[in-house]
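One structure is given here, and the rest of the page talks about it.
The values are calculated or read from the model by the stated rules, or taken from the named source; none is laboratory data. Nothing here was measured: the structure is a model prediction, and the numbers come from that model. Virtual Cβ from ideal backbone geometry, glycine too; neighbours counted across all protein chains shown. To get the accessible areas, we keep the full protein, side chains included, count just its heavy atoms, and leave off ligands, DNA and RNA. Shrake-Rupley method; radii C 1.70, N 1.55, O 1.52, S 1.80 Å.
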Amino acid sequence: MSQLSFESLFLADQADAQPRASAPARMLSPAEARKEFARVFRQTAKNMRRSEVFRDFITLAASELDMERVRSPENIENSRRICGRYRPDDLDAMKQLFCLLVEGLAGDIHDFLGALYMEQELGADEMGQYFSPSCISRLMAGLLMPGAQETIKREGWMTLDEPACGSAGMVIAFAYWMAEAGLNPSEQLYATCTDIDPMVADMAFIQLALLGIPAKVVTGNTLTLKANRVRYTPVYYFNDWQGRLAFRSRLDAMKNFLATVAA
């Protein structure tokens, strides 16, 4: 296999489908999914460093979810280069890891990859990387909810800006509270997330993409405003966030103009 594709995981093979009498397998809880992910991860490409395998997995998963570039020659060639370093059974294990990631996020809106990253001690100490547990992020995000609900009630939706997003734990925690309040993050939240570490930015992009949160994810330096790559989650395209953002920009410009004239 020269390229890892997760597309087949979402497609049923109708030709081989047979009626099943047995009950469907029980869905794993988020904690169980993360535990199983860690087990499979430890067995994948055991001759390679764990940080290297994790980085390759994140790169491949992010590439598959990047709607703008997924079929670009550069993206395909990069995926082939990475996959060429792994045996077929290790590539199958990576597909299993992706399934466990999806299952873990389906069970709860939480920072699955951030927790795993810390548990497996994959962080870069020299960069001061530490991802807050979901319970802490939820506590902090919950403090913002009253004002956020007022904004959404007044304007229909709101924006969040995370200049050092990590794996997007705070944005995910905020989306959790929105869902708890009966709001729809896919329609009523737009996030801009930036991180200087390409892999960490990819972690944020993957989770926001799979959770259906509209977001612009920037790999770059917030202080210097230098961006190396910009990605948009799939729901950004599906729900026409480009058009919605452009409309609000025109509306704000008109309000500012009228305020200037009135003054």
Sole miss for GLU77 among (1) open to solvent by less than 50 Å² (accessible area, probe 1.4 Å); (2) over 30 Å from ALA175 (Cα atoms) is condition (1)
Which residue out of SER51, SER29 is open to solvent by less than 70 Å² (accessible area, probe 1.4 Å) and either in contact with a helix residue (DSSP H, G or I) (Cβ under 8 Å, 6 or more places away or on another chain) or at pLDDT below 50 (or both)?
SER29
Residues that are open to solvent by 10 Å² or more (accessible area, probe 1.4 Å) and β-branched (Val, Ile, Thr), at least 2 per element: which strands (runs of 3 or more DSSP E) completely within region 124-227 meet that?
189-195
Residues located in region 80-114, provided they are part of a helix (DSSP H, G or I), out of contact with any Phe, Trp or Tyr (no Cβ under 7 Å at 6 or more places or on another chain) and open to solvent by less than 30 Å² (accessible area, probe 1.4 Å):
ILE82, CYS83, ASP90, LEU91, ALA93, PHE112, LEU113
Quick one: ALA12 ticks every box in (1) hydrophobic (A, V, I, L, M, F, W, C); (2) modelled with pLDDT under 95; (3) in a helix (DSSP H, G or I) except a single one, so which number is it?
(3)
Consider region 232-263. How many of its residues are open to solvent by less than 60 Å² (accessible area, probe 1.4 Å) and not in a helix (DSSP H, G or I)?
3
Filter result (under 13 Å from the mean Cα position of the chain (by Cα), aliphatic (A, V, I, L, M) and closer than 19 Å to ILE136 by Cβ) within region 163-199
ALA168, MET170, VAL171, ILE172, ALA173, ALA175, ALA191
